[in-house]
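Q: Got a structure for you, written out below as structure tokens; questions coming shortly.
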Amino acid sequence: MCQVLALLLTRPKEIVPVDSFIEELWADNPPRSALTTLQTYIYHARKILVSEALADPGEKILITRSPGYLIDLTGHRLDTREFEELVKAGRRAADQGSLEAAARTLGDALDMWCGPALANISTGRVLAGHRTYLEELRVRAVERRIETLKLLGNERDLIPELRALVQQYPLNEWFHAQLIESLNSCGRRAEALKAYRELWRSLADELGIEPSPEVQRLHYEVLNPVVRSGRAA
């Protein structure tokens, strides 16, 4: 039943078709009683909404509407939607050149996370897809915030966060590149070279590939500071 509520909450004010519930719950092997079981889950979900004070008795929040069901949370906060809206607002601020506002808004969006998306819910194919979407949106928000903070001149302060990110995402070359560049810009060439070697080793061990040409060029610039200076000039 948690899957049913979660699926509805990923699409507030949208009709979720019965077929989507069945695919989420049973994939390609639904039982003959699938529709009846789903109706039972919906019944209990409505009771939970009332017991958790999210709806008054008789209030229509979880609505039957062909070809499925929808949930209308008007007047209630939904974390995932609030996160999405904050990310959009942060991007707009960055595009308009309001860098401090962008960094603050994107930071507020990321502060809403306290663990993986849908961490306490068993997920089928449908919810797994939405979880991937949220995780990718989170990564992009982190990237955009880092870009913004670097433009604001906060490169040195970003190094601890970037070190944590490369541990969390060991195959994400973008995070590694930001760490290498920041270390080098702060006069920490030896650490920048070590960060590159760690990325090279991770990619070789896990995927049998080398860093991208862009990261290799960055490595060359660390080894040859005159090249970087010449490019900046």
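The values are calculated or read from the model by the stated rules, or taken from the named source; none is laboratory data. Computed from a prediction, not measured in an experiment: that's the story for all the values here. In this analysis, Cβ positions are derived from the backbone assuming ideal geometry, glycine residues included, and neighbour counts consider all displayed protein chains. Protein only, heavy atoms only, side chains kept; ligands, DNA and RNA dropped before computing areas. Shrake-Rupley method; radii C 1.70, N 1.55, O 1.52, S 1.80 Å.
Q: Would you say E198 is open to solvent by less than 60 Å² (accessible area, probe 1.4 Å), touching a residue at least 24 places away in the same chain (Cβ under 8 Å) and of a type in the set (D, E)?
A: Numbers: open to solvent by less than 60 Å² (accessible area, probe 1.4 Å): no; touching a residue at least 24 places away in the same chain (Cβ under 8 Å): yes; of a type in the set (D, E): yes.
Judged against the criteria, E198 is not a match.
Q: What are the residues in the range 94-113 that are open to solvent by 80 Å² or more (accessible area, probe 1.4 Å), of a type outside the set (D, E, K, R) and closer than 21 Å to H130 by Cα, if any?
A: Within the range 94-113, no residue meets the criteria.
Q: Another question about this same structure. Quick one: which of E135, E143 is open to solvent by less than 60 Å² (accessible area, probe 1.4 Å), within 30 Å of I22 (Cα to Cα), acidic (D, E) and assigned to a helix (DSSP H, G or I)? Break it down stepwise before answering.
A: Values: E143 fails: within 30 Å of I22 (Cα to Cα).
From the options E135, E143, the qualifying one is E135.
Q: Ok, one more. Could you tell me whether any residue of the range 82-93 is exposed (fewer than 14 other Cβ atoms within 10 Å of the Cβ) and of a type in the set (V, I, T)?
A: No: the range 82-93 contains no residue that is exposed (fewer than 14 other Cβ atoms within 10 Å of the Cβ) and of a type in the set (V, I, T).
Q: Please go through the range 121-132 and give me each residue that is in contact with a Cys (Cβ under 8 Å, 6 or more places away or on another chain) and either more than 24 Å from E23 (Cα to Cα) or not small (G, A, S) (or both), ordered by number.
A: Quick first cut of the range 121-132, residues in contact with a Cys (Cβ under 8 Å, 6 or more places away or on another chain) only: 121-122.
I121 - this is the single residue of the range 121-132 that is in contact with a Cys (Cβ under 8 Å, 6 or more places away or on another chain) and either more than 24 Å from E23 (Cα to Cα) or not small (G, A, S) (or both).
Q: Answer yes or no as to whether L118 is under 23 Å from the mean Cα position of the chain (by Cα), over 24 Å from A93 (Cβ atoms) and modelled with pLDDT of 95 or more. Full working, then the answer.
A: On the way: under 23 Å from the mean Cα position of the chain (by Cα): yes; over 24 Å from A93 (Cβ atoms): yes; modelled with pLDDT of 95 or more: no.
Spelling it out, it is not the case that L118 is under 23 Å from the mean Cα position of the chain (by Cα), over 24 Å from A93 (Cβ atoms) and modelled with pLDDT of 95 or more.
Q: Here's another thing I want to ask about it. Does A128 satisfy the condition of being open to solvent by less than 60 Å² (accessible area, probe 1.4 Å) and in contact (Cβ under 8 Å) with a residue 12 or more places away in the chain?
A: Judged against the criteria, A128 is not a match.
Q: On the given criteria, is P116 closer than 20 Å to P12 by Cα and either free of Cβ contacts under 8 Å to residues at least 12 places away in the same chain or open to solvent by 80 Å² or more (accessible area, probe 1.4 Å) (or both)?
A: Values: closer than 20 Å to P12 by Cα: no; either free of Cβ contacts under 8 Å to residues at least 12 places away in the same chain or open to solvent by 80 Å² or more (accessible area, probe 1.4 Å) (or both): yes.
Criteria not met by P116.
Q: Given (1) over 30 Å from Y41 (Cβ atoms); (2) touching a residue at least 40 places away in the same chain (Cβ under 8 Å), where does Y69 come up short, assuming only one miss?
A: (1)
Q: If the Cβ limit is 7 Å and pairs must be 6+ apart or interchain, which residue in the range 94-106 that is over 16 Å from G153 (Cβ atoms) pairs with which residue that is among the basic types (K, R) and crowded, with 17+ Cβ neighbours inside 10 Å?
A: From the range 94-106, the pairs are L106/R144; L106/R145.
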